[in-house]
Structure formats: structure tokens, C-alpha cells
Amino acid sequence: MKKFKRQFAPGKYGQMHYRVKHAEKPEKRPLICLHMFPQSGRNFEDFLNHYPDNRTVIAPDFPGYGESDCPAEQIDATAYAQSIWELIDALNLLQDEGAIDLFGIHAGAKLATEVARLRPAQVKVIVLSSAAILYPEELADLKKAFDPVPLDKDGTRLMRLWDLLVRNQGPGQTLEMLATSLAEILRSGENYEWGHYAVYEFNSHFPEILAGLEHPIALMNPKDDLYQMTPRTEAYLRNGRMYDFSDWGHGFMEVHPESAARTVDQLLDNPLNFAQPEN
Amino acid sequence: MKGHYIDGPFGQVHFRSWGDLGQGIPLVCLPPSPFSSVAYHTIAPLLVDDHPVIAIDYPGYGNSQASPQAPKIFDYAAAAAAVIRTLPGEQPANLLGFHTGCLVAVETALQAPEQVNHVVMTDSPFFAPAKRAELLEKMGKPIQLSPNFSGLQKDWDFCITKRLEQIPLTRAFQMFVDHISAGENTNAAFAAAFQYPCEERFAALTHECTVIATSAGLYEQSINTAQAITQAQLVELTEIQSAVLDRGAPLLAKAINKLLAA
């Protein structure tokens, strides 16, 4: 099995770090995978390794996450989306097909729609997973759950984040997987919630932006903490369809990497007519 | 600070650099167990003189890919040698090791003698074989995870609670995160260090060598190291009593830059 590689590219805020699996002979457009906050492209490591060898697949770390340098000040959703286009341009990914496909999970799903809004002609197909439309009280709860915890010697931040991961543990997710996620969150340092702040602010624009996209969009709804809220998003899809993945939860790309990679590849081929296998 | 990747013996090796990589003899820094190049974040900018500074992530630490089997010091040295081979210019590098990094520095010089100029060892963990076996048993095992995270209490204390008077909380926390980022096998570098045949390998070193002994816990072992390496010069920095790469960084960097400039 061909493995992904990790690389750096220059970006507006310093170095941008990304994981990439190059296809030997690409038959399809490059795919950009956007992670949830406050994690990193680490979300996609097993997924990349198992992705069919038919296209180049790239999972960047958003600025300030993973190994990407952090902006000096907090940035908004548009700036996060622009950083993705800077990387796409730096890597010359538009040279063959003139467009890319997008796959985003959680906050990365919302930012994928902003990426598409900025340069719509250069995006063909979008797959969103756990892209929820939140009511004000739900957003308030989410803000509370992800409220940044100051560092202290008792390890309050560590324990609160660990508890959150354990509470949302998906089927098949091991403690080792959760610990890896925790380490990935913690390494973002004191600005670890900047990404969430940007997406909270973006949340009120999300339905309108989504409704303005003409791209074919497949909306995945795994049974994680956004399972009840994600179906509200389907009403705003101009040219899309939702698929239920209630057997999968948080961490499905690590627990079922081969199946997840094959599924996303098929969704990108048939976003509106994906034949979901019988369970 | 910039990040870089090269293809190494077990996959990609990540390293960080400070200063201009094309200018001067590079100083290659090798981390202590169980950490990555993050261990050098405080001192590296102070070490940039008329030379660039590089700090390597061993396989399985930081962003470097793990080796398929339990790693040995030999493997870490192979990764370090692979990095040095890719550096611009053809001049040999100077090596700086701290704790386990001392062993990796010696082994790198033995594996790639023409790529190494001067070996600087700070606080060398040269224990007698019986003590190494004891430490291997005590410190070389995988960490145990539990849903309530109690398995990491020892690691939290090691990185945070016992260090707070010496270094800022944010820095201690950064080191803790670096430690747990290596996953269950985060103590693999301890295991590698305590299985390294120091007596035999130290005696084989022919490079110019300086051993720096601080008072931070390995003074006696460092004196013994200087005696075991015939040509070694001993520098005592007993004013440094703890947090060598952090609180002791200004003094240590000054001493290293002085001896490398000589």
C-alpha cells in the first residue's frame, strides 16, 4: 500500500503543513480534505493511505493547527479558506483539470463551502460530513463545550478535552486513537480554539452560502454529536443529497479507513446517486 | 524556525532549522528522551551564531515516521546521518547531544565519520550496565492508557509538576504534549538508550569531542564519559543546576558557541 507523505509549503502566515498521497497516474481531479477543529490533517492519515490510487489527495493543516504556522492574530473563515487556495496554487493543483474536489468534516465541512464560494469555477464536487446547521441554543452549548481552558498545573485543560473525546467516542474508536487526537489538539497551543471562533461566526452565514453553491454536494451524516443537526442542512442543498451513515461515528476514517476512502471516492463520482451498500 | 522533511531509513524524518542552512558549519542537535526537536526550541535561537542550527525528530517522535521494530540508538543515528547528508554544502556537521542525544551523537559519528566534525555531549547518561538494566525496566516500557487518564499521571508529574519552578507552565506543557504525541511507545528512546553499549562505542570514537557536565543530575556520568573517550575535553558548567535546555540555555549556548568558534 502506497503511503502518504508530509510536506511544507510557503503560506501567508508562514509554513503550511500538509499530508499528500500522489497518484501514479491520476484519472480524477485532486481532492482536498479539510479537518475538524481543533485537530489537524492527522484526521485523514489512515484515510489517505487507503484512498484508491486514482487521484492526488491532500490533507492540509489549517494555519495554527498541526504543524502549520499560526497567524499572529485570529483570522476568520474566509482567511482560512484563502489559505487553502494559497496551498492549491502553490502546489499547482489546477494545472491538469482546472479544478479540485473537496471533502470536509465538521468545521472543515463548513469551511469547504467557503473555499468553494471564493472560487466556484475551480471546484467540481463537494463531500461534506457532519455539516450541521445549529440553532442558537445549540451553538451556545457548543461554545460552552469548547470554551478555551486556561493552562494550570492541575491539568484542567487536558482532563476536560479528554472527557470530551471519551464522551463522543465513536464505535470502534480505541483509547490510543483518542489519545492521538488529544495530543493533536493540545499541540495547537494557547490559540487552540481560534478555528472554532471563526466557524462560530461563520455559522450564521453558512445556510446562505450553502444555498448559493451550484456544485453537486454529497452530505454524509455519521452518528456523531452532530447527527441530529446535520439533516437540517439538506434543505439548503441546491444540487445535493444527504446519506445516512448511522453505523459510523466520530473517528470513522480511522476505524474504517478503507471503507471510508472508497465511500468518499464513490460519492465524488456519484454525489447525487450514490448506491449505499446494504448493512 | 522552519520545518523540513527528508526521506530517511524508515520513512520521512522531520527536522527544524534556525538560521541560514547554507551558511557555516551546521550544528545538529539530538534530543533527550522522550522528546522531539521541541526540546531545543528555547536554546536553538541562542545557538545560532555564524552557523545554522538543526534539531532532529527521531523516528517515532515529533513528526518523524516510526521504525517498524523497537528502535535502537543505531536507528536514531541512521536517521540523523540521513539528515546531515541532505544539508547544503559538503562540510561535516558539528553534533550536540543532550542526555540520550549524547549517545546518538556518538553513534552518528561512528556510522558516518566523514559527515561529522566535532561531537559535543551535554550531560551524558553513561551508567554502569547493572544500572542501565534497572533503568530500562523502570523507564523503558510503553505507557498505559485508561479512560480516566490516570495512566498519564506519572508523565504529567515528570513534565509539569516537578518542573514548574524551573520553567514556565506553557513550556512545560509543550514538553508534555510532545511526550504524549509519540503515543504508547513514547518511552522507546529510553529503552534504546539503556540498551546502548556505551563502553564499547565511546571507546571507538575518534572525533574531536567535548563533554559538558552540569549539576542537573548527570554530573558523575558525564565525568565518566569524558574519561571513557580518550580525546574528550571536559567542560564543567556546574552553575547550571536544572532545566539545562531552558533555564540553563543562555549559559550553555554561550559555552558551546565559544568552543565551536575556537
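The values are calculated or read from the model by the stated rules, or taken from the named source; none is laboratory data. As the structure is a computational prediction, the values presented were derived from the model and not from experiment. Heads up, the Cβs are rebuilt from the backbone with ideal geometry, glycines too, and the neighbour counts pull from every protein chain shown.
Out of everything in region B:142-189 that is within 8 Å of another protein chain (Cβ to nearest Cβ) and small (Gly, Ala, Ser), what residue ends up being surrounded by the fewest Cβ atoms within 10 Å (Cβ to Cβ)?
B:Ser146
Filter region A:62-80 for residues that are surrounded by 24 or more Cβ atoms within 10 Å (Cβ to Cβ) and at negative phi; which is nearest to the other protein chains (Cβ to nearest Cβ)?
Taking region A:62-80 as the starting set, the residues that turn out to be surrounded by 24 or more Cβ atoms within 10 Å (Cβ to Cβ) are A:62-66, A:68, A:77, A:80.
When the remaining residues are screened for being at negative phi, the result is A:62-63, A:65, A:68, A:77, A:80.
On the way: A:Phe62: 16, A:Pro63: 14, A:Tyr65: 13, A:Ser68: 9, A:Ala77: 26, A:Tyr80: 20 Å.
Per the stated criteria, the residue is A:Ser68.
Conditions (1) of a type in the set (D, E, K, R); (2) buried (at least 21 other Cβ atoms within 10 Å of the Cβ); (3) closer than 30 Å to A:Asn273 by Cα; (4) more than 16 Å from the chain's Cα centre (by Cα), marked per residue:
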residue: A:Gly108; (1), (2), (3), (4): no, yes, yes, no
residue: A:Asp147; (1), (2), (3), (4): yes, no, no, yes
residue: A:Pro150; (1), (2), (3), (4): no, no, no, yes
residue: A:Val166; (1), (2), (3), (4): no, no, no, yes
residue: A:Gly172; (1), (2), (3), (4): no, no, yes, yes
residue: A:Ala179; (1), (2), (3), (4): no, yes, no, yes
residue: A:Tyr200; (1), (2), (3), (4): no, no, no, no
residue: A:Phe206; (1), (2), (3), (4): no, yes, yes, no
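Name the residues in region B:1-15 that are within 14 Å of chain A (Cβ to nearest Cβ), in contact (Cβ under 8 Å) with a residue 40 or more places away in the chain and of a type outside the set (Phe, Trp, Tyr), would you?
The first filter runs over region B:1-15 and keeps only residues within 14 Å of chain A (Cβ to nearest Cβ), leaving B:1-8, B:10-15.
Of the ones still in play, those that are also in contact (Cβ under 8 Å) with a residue 40 or more places away in the chain are B:1, B:3, B:5-8, B:10-15.
Once the filter is applied, which keeps residues that are within 14 Å of chain A (Cβ to nearest Cβ), in contact (Cβ under 8 Å) with a residue 40 or more places away in the chain and of a type outside the set (Phe, Trp, Tyr), region B:1-15 yields B:Met1, B:Gly3, B:Ile6, B:Asp7, B:Gly8, B:Gly11, B:Gln12, B:Val13, B:His14.
Looking at region A:49-78, which of its residues are in a helix (DSSP H, G or I) and out of contact with any Phe, Trp or Tyr (no Cβ under 9 Å at 6 or more places or on another chain)? Walk me through it before giving the result.
First pass over region A:49-78, keeping only residues in a helix (DSSP H, G or I): A:49-50, A:77-78.
Once the filter is applied, which keeps residues that are in a helix (DSSP H, G or I) and out of contact with any Phe, Trp or Tyr (no Cβ under 9 Å at 6 or more places or on another chain), region A:49-78 yields only A:His50.
Can you tell me which residue is nearest to B:Glu184 (Cα to Cα) among those in region A:156-193 that are within 9 Å of chain B (Cβ to nearest Cβ) and among the basic types (Lys, Arg)?
So, considering only residues that are within 9 Å of chain B (Cβ to nearest Cβ) and among the basic types (Lys, Arg), the one nearest to B:Glu184 (Cα to Cα) is A:Arg187.
Condition check ((1) part of a helix (DSSP H, G or I); (2) more than 15 Å from A:Phe37 (Cα to Cα)) across all residues:
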site: A:Tyr80; (1), (2): yes, no
site: A:Ala109; (1), (2): yes, no
site: A:Val127; (1), (2): no, yes
site: A:Glu137; (1), (2): yes, yes
site: A:Ala140; (1), (2): yes, yes
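Looking only at region A:212-221, decide whether some residue is more than 12 Å from every other protein chain (Cβ to nearest Cβ) and among the small types (Gly, Ala, Ser). Break it down stepwise before answering.
Just the residues of region A:212-221 that are more than 12 Å from every other protein chain (Cβ to nearest Cβ), to begin with: A:212-221.
Within this subset, residues satisfying the condition of being among the small types (Gly, Ala, Ser) are A:212, A:218.
Within region A:212-221, one or more residues are more than 12 Å from every other protein chain (Cβ to nearest Cβ) and among the small types (Gly, Ala, Ser).
Just a yes or no: is a residue in region A:21-30 within 23 Å of A:Gly170 (Cβ to Cβ), out of contact with any helix residue (DSSP H, G or I) (no Cβ under 6 Å at 6 or more places or on another chain), surrounded by fewer than 24 Cβ atoms within 10 Å (Cβ to Cβ) and modelled with pLDDT of 95 or more? Break it down stepwise before answering.
Of region A:21-30, the ones within 23 Å of A:Gly170 (Cβ to Cβ) are none.
Among the residues of region A:21-30, not one is within 23 Å of A:Gly170 (Cβ to Cβ), out of contact with any helix residue (DSSP H, G or I) (no Cβ under 6 Å at 6 or more places or on another chain), surrounded by fewer than 24 Cβ atoms within 10 Å (Cβ to Cβ) and modelled with pLDDT of 95 or more, which makes the answer no.
Give the residue, chosen from B:Ala70, B:Ala109, B:Ala66, that is in a helix (DSSP H, G or I) and at pLDDT 95 or above. Walk me through how you get there before you give the answer.
Numbers: B:Ala70 fails: in a helix (DSSP H, G or I); B:Ala66 fails: in a helix (DSSP H, G or I).
Unique residue meeting the criteria: B:Ala109.
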